[in-house]
1. Can you report the number of residues in segment 219-234 which are assigned to a loop (DSSP other than H, G, I, E, B) and under 10 Å from G304 (Cβ atoms)?
2. Report every pair of residues separated by at least 6 positions or lying on different chains whose Cβ atoms are under 6 Å apart, first residue within segment 69-81 and closer than 25 Å to L176 by Cα, second in a helix (DSSP H, G or I) and modelled with pLDDT of 95 or more.
3. Of everything in segment 11-26, what is among the hydrophobic types (A, V, I, L, M, F, W, C) and at pLDDT 50 or above? Give them in sequence order.
4. Could you say which residue among F8, F29 is in a helix (DSSP H, G or I), within 20 Å of I319 (Cα to Cα) and modelled with pLDDT under 95?
5. Looking only at strands (runs of 3 or more DSSP E) that fall completely inside segment 253-344, which ones have 1 or more residues that are of a type in the set (K, R)?
6. Would you please list the contacts, defined by Cβ atoms under 8 Å and residues six or more apart or on different chains, that run from a residue in segment 96-120 that is at pLDDT 95 or above to a residue that is among the basic types (K, R) and surrounded by fewer than 20 Cβ atoms within 10 Å (Cβ to Cβ)?
7. Being of a type in the set (D, E) and modelled with pLDDT of 95 or more is the requirement here; does E194 meet it?
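The values are calculated or read from the model by the stated rules, or taken from the named source; none is laboratory data. Predicted model, so just to flag it, every value in this text is computed and none were measured. Glycine also receives a Cβ, built like all others from the backbone with ideal geometry; neighbour counts cover every protein chain displayed.
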Amino acid sequence: MNKLTILFLFSFCTLIAQTNQHNQLDAIFETLETTGKGMGGISIYQEGKEVYQKSFGYANIEQKIKATATTQYRIGSVTKMYTAVVIIQLIEEGKLQFDTPLSAFFPKLPNASTITIKNLLKHQSGLFNITEDKNFETWMFQPQSRGKMLDRMVANGVVFDPGTDTSYCNTNYILLGYIAEDITGQSFHDIIQEKVVVPLQLKRTRVGVDRPKSTEEAVSHERMDDHWEVVTQYTDMSAPMGAGAIVSTPLEVNMFTKALYTSTLISQDSYQQMTDVSTGMGMGLGGGDIMDMQGFGMSGQIDGFKSLAIFFPEQKIAITLLSNAYESSLQEIMMQVLQTYFKN
């Protein structure tokens, strides 16, 4: 058997294995769609290219707009990875330091003189989580000024001393978004465009507004008895800002996370600091052992949307699952995907 024949047989067997793998992945999402358990999209990105994509259900069930590969979703707290990158870029540019105190920007906040930028990035500020404010569900749908948000942060106080504990807190990343605006003199929207969207040549990633605006942006759905109904109230993105305001697609989230471990947006040294999860959280992300692989990523939830982005730097694989209607756990679905993808 000559080398050409061996190469042909190897390529043919690889193609068969990939086809079987894709069929098994398709079955997961076709089941979700046919049983009415969820809608959304997934992308798997490996070695710099998309190797699998699946959209399931509707972007808008009332208007009968099917979800496609270009459908955009609110990604919620996955936004925190983007905000962390922006802050790290500003540090690399010498415009900020990890140990800069919060008082340099917002001296009226409690413990401002002892809370550092690094505390904010790693959820160790001790500030009260603003989304647990007792009136949160009454003001989240309305445009919010920075002044109103800061007043609430001051009023809610702190839950522990800076650096003594790790506790997930949206307040941290709202403040980091404000700080980026103050340093650059730009809006958070323009900052994301300049520092993430343009360098990565993204076409469907941006900071959202008060509600989905176009047919390419999914609306979310809630389960009512035996059917899905379109959600009518949406968070005004002036509230979550750097904590949860970005809209994107599964593919473009993967392109972003791939840029992290390839040092495209930040240096390798900064990436190592970003992914240091020894205190319980990294900077804008979490991490741990998944199926004997080191994985990093973030999940999000906002207005009936759910998101889960995971990347495995050693394997050079990024997977993002975004949903605008769900009855199943995204974590459980992701584990099915991982078990299917890595067993072949």
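1. The qualifying residues number 5.
2. Hits for this filter: K80/Y173.
3. Scanning segment 11-26 gives a single hit, L25.
4. Values: F8 fails: within 20 Å of I319 (Cα to Cα).
So the residue among F8, F29 that is in a helix (DSSP H, G or I), within 20 Å of I319 (Cα to Cα) and modelled with pLDDT under 95 is F29.
5. In segment 253-344, the matching strands (runs of 3 or more DSSP E) lie at 305-312.
6. Once the first residue is at pLDDT 95 or above and sits in segment 96-120, its partners that are among the basic types (K, R) and surrounded by fewer than 20 Cβ atoms within 10 Å (Cβ to Cβ) give F98/K118; D99/K118.
7. yes
Residue-by-condition table, conditions (1) of a type in the set (A, V, I, L, M); (2) buried (at least 22 other Cβ atoms within 10 Å of the Cβ); (3) on the phi > 0 side of the Ramachandran plot:
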site: E47; (1), (2), (3): no, no, yes
site: Y58; (1), (2), (3): no, yes, no
site: M81; (1), (2), (3): yes, yes, no
site: V85; (1), (2), (3): yes, yes, no
site: L90; (1), (2), (3): yes, no, no
site: N119; (1), (2), (3): no, yes, no
site: G126; (1), (2), (3): no, yes, yes
